[in-house]
Amino acid sequence: MNSITKSLLKSIKHGQAAWLRSNSTHSRKQCLPKLVLGIETSCDDTGAAVVDDAGNILGEALHCQKEVHLKTGGIIPLVAQQLHRENIEQIVKEALSISGVSVNELAAIAATVKPGLALSLGVGLEYSLKLVNKYKKPFIPIHHMEAHALTIRLTNQVEFPFLVLLLSGGHCILAVAQGVSDFLLLGQSIDIAPGDMLDKVARRLSLSKHPECHSMAGGKAIEHLAQTGNRQQYKFRVPMQHYRNCHFSFSGLQNLVNKVIIQKEKEEGLQKGELLPCVKDIAAAAQHAVAVHIVKRTYRAMLFCIKHSILSPKNATLVVSGGVASNQYIRKALQILADVNGFAFLCPPPRLCTDNGVMIAWNGIERLRAGLGVLHCTDGIRYEANAPLGIDISKRVEEDSIKVPRLKMKI
Ligand code: KG4
Ligand code: ZN
């Protein structure tokens, strides 16, 4: 290298360094990640997390009330509210302290405001607004089901649109996610949610007394016992087979399972509350019927979306989330369905399928980036126990009356 080239290179390097120095404060400011604190209290989990705009989870904390509610045989709203009140401050502090972020550094605070148990939602909203007003931060109100639907974009690279199936203790929803706050509702449960049904069956079977299931959520206990049960011992009719729409129903199925339980108790000479010897087989058959019902409705949703070019057959994706989506049997059934129809199949990891603060913080980031629903004034903000997700096109789905082919499932 000759001396002219050397000095030229030196001056370029110097120039670059000087430029970098003069711009460093500016660029650092520009490059600072945006941070959102998310707060979740819609049901029986108090969750908080700090997430940045690159999807890094900087800190998270969660308090589950499950054990208390298992003892009382279901969620008592006043008890849930009291437990949220007792834990929210500590959980938020913990998430912030793990992340090493102070409230002043946050770009916004996001909290679930709908749908959910009114008394539970109220605790999270009141606490969040206190922080928002004290630190003069923007507030992002979050729809709990939107947050479940978008969690996958934190863990995987998924572009809109995609088909999303949300299975939880309070909801069962089939929708197309077209944008951060742009959903088409294809169908939902007309009575109870699958998690609710599994919890009720587990309670009726007294699974909390089973040595293998102590302190497991109802759905989890059913999944666990079903692994070693024989589902062919009982056959439960799959709900809504004659309705060619994408709605769901689980209360009739729950009644069918209850009838078998009562019959078996009679045969065995057992009282209600005593453990049946055949719990594993009943759990396996009930779980199978739930899986088949969910698969059939999702199959119709896939065909509808392809028929109307809402999704492209070349790169369609099915996303499944919510507490019941952590069930490996149901996941496997949906994986088979996705493979048959050439859909990619994605689920967040189980800990992000159940309620948590991370999904709320991430939904906050998504809304912040899209400039959607970021409030600088919180006057008149209320929680809503019931709140639909997206534009309801379920009637349009029903009008099409799409017949679903038979699907052989070897799970
Ligand atoms: O999404 P989530 O945490 O809370 C709601 O928003 O409802 O879902 C909780 C539900 C409960 O009904 C619980 O029994 C069910 O998810 N669940 C499961 C499993 N783990 C949790 N259901 C089936 N299989 C599981 N492994
Ligand atoms: Zn949930």
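Would you mind finding the one in Ala118, Ala177, Ala107 that is buried (at least 22 other Cβ atoms within 10 Å of the Cβ) and on the phi < 0 side of the Ramachandran plot?
Only one candidate passes the filter, namely Ala177.
Checking the conditions here, which among Leu165, Leu121 is in contact (Cβ under 8 Å) with a residue 60 or more places away in the chain, within 16 Å of ligand 1 (Cβ to nearest atom) and under 17 Å from Ala325 (Cα atoms)? Break it down stepwise before answering.
On the way: Leu121 fails: under 17 Å from Ala325 (Cα atoms).
Testing whether each residue is in contact (Cβ under 8 Å) with a residue 60 or more places away in the chain, within 16 Å of ligand 1 (Cβ to nearest atom) and under 17 Å from Ala325 (Cα atoms) leaves just Leu165.
For segment 274-325, enumerate the residues that are among the hydroxyl-bearing types (Ser, Thr, Tyr) and without any contact (Cβ under 8 Å) to a residue 40 or more places away in the chain.
Scanning segment 274-325 gives Ser309, Ser312.
Residue by residue through segment 326-366, note down the ones that are touching a residue at least 40 places away in the same chain (Cβ under 8 Å), more than 20 Å from Val290 (Cα to Cα) and over 17 Å from the mean Cα position of the chain (by Cα).
Residues satisfying the conditions are Asn341, Phe343.
Just to verify a result, which residue in segment 315-354, among those that are in a loop (DSSP other than H, G, I, E, B) and crowded, with 22+ Cβ neighbours inside 10 Å, is farthest from ligand 1 (Cβ to nearest atom)?
Taking the candidates together, the pick is Phe343.
Scan segment 216-232 and report the pairs whose first residue is over 17 Å from Pro277 (Cβ atoms) and whose second residue is within 16 Å of ligand 2 (Cβ to nearest atom) and not in a helix (DSSP H, G or I), with Cβ atoms within less than 6 Å and a gap of 6+ or a chain change.
As it stands, the answer is Glu223/Asn327, since those pairs meet every condition given.
Which residue is surrounded by the fewest Cβ atoms within 10 Å (Cβ to Cβ), if the candidates are limited to segment 147-168 and must be at pLDDT 95 or above and within 11 Å of ligand 2 (Cβ to nearest atom)? Steps first, please.
Here is the first cut: in segment 147-168, the residues at pLDDT 95 or above are 147-167.
In the following step, the residues that additionally are within 11 Å of ligand 2 (Cβ to nearest atom) were identified as 147-149, 151, 166-167.
Values: Ala147: 26, His148: 30, Ala149: 26, Thr151: 24, Leu166: 26, Leu167: 28.
Checked segment 147-168; the qualifying residue surrounded by the fewest Cβ atoms within 10 Å (Cβ to Cβ) is Thr151.
Which of the helices (runs of 4 or more DSSP H) found entirely inside segment 152-261 contain at least 2 residues meeting this: over 30 Å from Ala370 (Cβ atoms) and in the same structural domain as Lys307 (by TED's automatic domain parsing)?
In segment 152-261, the matching helices (runs of 4 or more DSSP H) lie at 194-204, 218-226.
Check segment 241-253 and report whether any residue there is aromatic (Phe, Trp, Tyr) and more than 12 Å from Val290 (Cα to Cα).
yes
Name the residue that is surrounded by the most Cβ atoms within 10 Å (Cβ to Cβ), counting only residues in segment 219-230 that are touching a helix residue (DSSP H, G or I) at 6+ places or on another chain (Cβ under 7 Å) and over 15 Å from Val201 (Cα atoms).
Gly229
Give the residues of segment 358-411 that are aliphatic (A, V, I, L, M) and over 16 Å from Ser181 (Cβ atoms), sorted by residue number.
Answer for segment 358-411, where residues must be aliphatic (A, V, I, L, M) and over 16 Å from Ser181 (Cβ atoms): Val358, Ala361, Ile381, Ala385, Ile393, Val397, Ile402, Val404, Leu407, Met409, Ile411.
The values are calculated or read from the model by the stated rules, or taken from the named source; none is laboratory data. Not measured: the values here are computed from a predicted model. We place every Cβ from the backbone using ideal geometry, glycine too, and count neighbours over all the protein chains shown.
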